Amino acid sequence: MWGRSGQCGAMKGRGLLVLWVLLLLGCGLGVEGYSHGQVTESCVSMEPQHGSIPQTSVSPFRVSTEKTNYTAGQDVTVSLTATSSDVFEGFLLQARETASGAAVGSFHSAPSGTHTLTCGGKASSALAHSSSSGKKSIQVKWRPVSDRAVKFYATFVKTKNTYWVAVASPQVQFSGSYSGSSTAQPTTTGLDISAVGCGESKVCFQNPSGCDPVQSPANCYFLSAMPVSSGSSAIRYQMSGPSGGYVAFGFSDDQEMGNDDIYICVLDSSGQVQIQHAFSTGTTTPQTISLGDVSDIQTSVQDGVIRCSFTSSNSISTQRSSSPTYYLLYAHGPSSNGQIQIHSGTFVSRSRVDVTTPGQVQSSQAPLIIKAHGALMLVAWMFVGSLGMMVARFNKKLAQGHRLCGKDMWFVVHVLFMCLAVAATITAFVLAFVSGRTWSGGAHPVLGCLVMILSFFQPIGALARCSPHHPMRFFFNWAHALNALAIKGLAVGAIFTGLQLIDGTQSQWLPKVMGGFVAWEAIYFLLSDLNLKWSQKSEDTNRLEVIMGGPLVPGLFILGNLTFLVALLVGIGMS
C-alpha cells in the first residue's frame, strides 16, 4: 500500500512537472506569437492582440519627423525614440491622412530588426519589428503618394501587457503648389488611371464608351474596379473625369437615384480632392457617412480633370438587397467648399454588374420616351418651325394670288407650320416630365422650359394682334418676330445640350451634325435676307431675286433640312 502510494505520488509529481513545462511553453509561444511583428490584423485598430488593456498614461516613447512639411515625391525621415531609460520590444508604425484617417505612402530603407507590412492592400504602408530585442530608437524613410496633411502613428509594446496605442507625431503638411492653375502641376506619385486591362483584369465603366483617360482625359468619364487579390473583399477603385466640382459613382438596385451607396471625389475649399462616402435616400443631396474601411487614397486635379484612386473593404449596402450585382451610377457636377451640388451629367449601366468579375460595362440606352422627346423637339424647331418662319419672312410671293379661307396662302402655311411646332413642343415638354426623370442635365432643362414658355405665349399674342392698318401694328410685328427669334435660338441651344447628354460616342457626332444643320440654315437665312434687302431697294427684278424668290431654292432648303433631320433622328434612335 505505502509503496504503491509513493509511486502514485511520484507519478503525480512528474505529471505536475510536465504540466508546468507545457504551460510555460504555451505562454512562451503566446508571447512569441507577435515577437516577429506579423500583425497585419492590427492595421486598422493598431492594437496588438494581447488580450489586455492599452495604457492611458503619457507614453515614454514618441514619434517625430525631421520636417513639418513635404513636397511631392520628397521622402520624410521618421524617428521612434524612447524619452527615458525604457526600451520597447515591439512597434507598429503607419502614416495616416489627417482628414480621412486612411493609411498612405510607403516605408523604405527599413533598418535591421524591422520589416514592412501590407495594410489595406498597399505594400509597405506599415512598418513593424522583426525582433523582440529592446530598442531605444528606430529611423525609417517614408515616401508620400498624395498631397495631404499626414500624421504618423505608432503603437509601442514595452511588455506583453504594457503598451501604448497610436501615439501620434505632429502634423506634417504638404507644401507644394497644387490644383487650379493651368500651369504644370506635380502629379501624384503612383496615380496611374488608364483603360489598360479593361474587360480582362478589371471592370470598366466609361462615357463615351471605350474612351481612355490617358488618351483623352478632358473628354472621358472613367471608372474601374478590381479586387486587390484573388478572393479578397478589398476592391481598388479608380475614377477620372473633367469637372469643376466632383465626380462620383454609386451602387444601386435600379437605374434611378435613391437608396444608393456612393463614393465621391470632390474639390474642397482649398482646391484639393477629398474622398467622401455617402448614401442617397431619394432625389435630394446624398448624406455623407463614415468613410469606413478605405485606404491607400491617391488623388489629383490638373487641367480641370479630377482623378482619385482608393481601396475599399466596405461592404456594399443599398438597404434593399444583398445581391452581389448592382447597377453602376456615375455623376459629375459643381461643388461648393467640399459640398456637392446638383449634378450636371449622369450615366448608368445598362445591366447589373459584379465589380469582382472583370468586364466592360455598357451605358444604358436612353428610354424611348426621352428619345420621343428629343425627336419632337427636332421636328418642331429644325423643320416645321423653320419652314414656317422662312415662309413668313422670305416666301410671301409663293402661290401669289391664291387664297384659302380668305387668307393669303403664305399666311395659311405659316400658321399651320407654327401651330404644329407649338403642339410638338408642348407634347415633348409633357413627355419629359412623364418620364419621371430627375431635373438634371445642366442648362438643357432650363433652356427647354424657356422654349416652352415663349412658345406658349407666341400664338396667344398672334390671336390678340391688331389689324394690319392699326398704328400700333408695327409694335406687334417686332414683338412677334423677336419672340420667334428668341424661341429659335433657345431651341437650338436646348437641342445641342440634349444631344450632348444622350450621345454616348467618343466622337460626339450628333452635336457635330447639329452644327452642320445650324450652319445650313444660317447660310440660307443670310442669302435670303440679302435678296430681300436688295429687292426692296430696287424695283428692277435682279437675277438673285429670281433665284431666291422662285421655288428652286426653297425646295433645296427643304431637302437639306430633311437630310440633316433624318440623320439626327437615326442618331437619337441609336443613342
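The values are calculated or read from the model by the stated rules, or taken from the named source; none is laboratory data. Note that the structure is predicted; figures quoted are calculated from it, not measured. As a convention, Cβ positions derive from the backbone with ideal geometry for all residues, glycine included, and neighbour counts pool all protein chains shown.
Which residue out of 273, 266, 247 is within 21 Å of residue 96 (Cβ to Cβ), among the β-branched types (Val, Ile, Thr), in contact with a Gly (Cβ under 9 Å, 6 or more places away or on another chain) and touching a residue at least 24 places away in the same chain (Cβ under 8 Å)?
Residue meeting the stated conditions: 266.
Just checking, which of 309, 300, 269, 323 is part of a loop (DSSP other than H, G, I, E, B) and within 30 Å of residue 173 (Cβ to Cβ)? Walk me through it before giving the result.
Working: 309 fails: part of a loop (DSSP other than H, G, I, E, B); 300 fails: part of a loop (DSSP other than H, G, I, E, B); 323 fails: within 30 Å of residue 173 (Cβ to Cβ).
Just a single option satisfies the conditions, and that option is 269.
Can we say residue 153 is in a strand (DSSP E or B) and surrounded by 21 or more Cβ atoms within 10 Å (Cβ to Cβ)? Lay out the reasoning, then the answer.
Working: in a strand (DSSP E or B): yes; surrounded by 21 or more Cβ atoms within 10 Å (Cβ to Cβ): no.
Spelling it out, it is not the case that residue 153 is in a strand (DSSP E or B) and surrounded by 21 or more Cβ atoms within 10 Å (Cβ to Cβ).
Go through (1) touching a Pro at 6+ places or on another chain (Cβ under 9 Å); (2) surrounded by 19 or more Cβ atoms within 10 Å (Cβ to Cβ); (3) farther than 19 Å from residue 149 by Cβ one by one and return the number of the condition residue 91 breaks.
Answer for residue 91: the failing condition is (1).
Filter the range 194-210 down to the residues that are farther than 11 Å from residue 240 by Cα and surrounded by fewer than 19 Cβ atoms within 10 Å (Cβ to Cβ), then identify the one that is nearest to the chain's Cα centre (by Cα).
Ranking the qualifying residues of the range 194-210, first place goes to 208.
How many residues, within the range 479-521, are in contact (Cβ under 8 Å) with a residue 40 or more places away in the chain, part of a helix (DSSP H, G or I) and small (Gly, Ala, Ser)?
6
Considering the range 225-257 alone, what residues qualify as being polar (S, T, N, Q) and in contact with a Pro (Cβ under 9 Å, 6 or more places away or on another chain)? Outline the logic, then answer.
Filtering the range 225-257 for residues polar (S, T, N, Q) gives 229-230, 232-233, 238, 240, 243, 252, 255.
Once the filter is applied, which keeps residues that are polar (S, T, N, Q) and in contact with a Pro (Cβ under 9 Å, 6 or more places away or on another chain), the range 225-257 yields 233, 238, 240, 243.
Among the residues of the range 67-88, what is the count of those that are surrounded by fewer than 18 Cβ atoms within 10 Å (Cβ to Cβ) and touching a Gly at 6+ places or on another chain (Cβ under 7 Å)?
Qualifying residue count for the region: 2.
At pLDDT 85 or above and small (Gly, Ala, Ser): which single residue out of 549, 515 fits that description? Write out each step before concluding.
Values: 549 fails: at pLDDT 85 or above.
Selected residue: 515, the only one of 549, 515 that is at pLDDT 85 or above and small (Gly, Ala, Ser).
Looking at 566, 570 in this structure, which one is under 21 Å from residue 417 (Cα atoms), within 37 Å of the chain's Cα centre (by Cα) and either of a type in the set (Asp, Glu) or at pLDDT 85 or above (or both)? Before you say what the answer is, go through the steps one by one.
Numbers: 570 fails: under 21 Å from residue 417 (Cα atoms).
One residue alone meets the criteria, 566.
Would you say residue 118 is in contact with a helix residue (DSSP H, G or I) (Cβ under 9 Å, 6 or more places away or on another chain) and surrounded by fewer than 17 Cβ atoms within 10 Å (Cβ to Cβ)?
yes
If the Cβ limit is 8 Å and pairs must be 6+ apart or interchain, which residue in the range 444-468 that is under 24 Å from residue 342 (Cα atoms) pairs with which residue that is crowded, with 17+ Cβ neighbours inside 10 Å and of a type in the set (Ser, Thr, Tyr)?
444/497; 447/497; 451/425; 452/425
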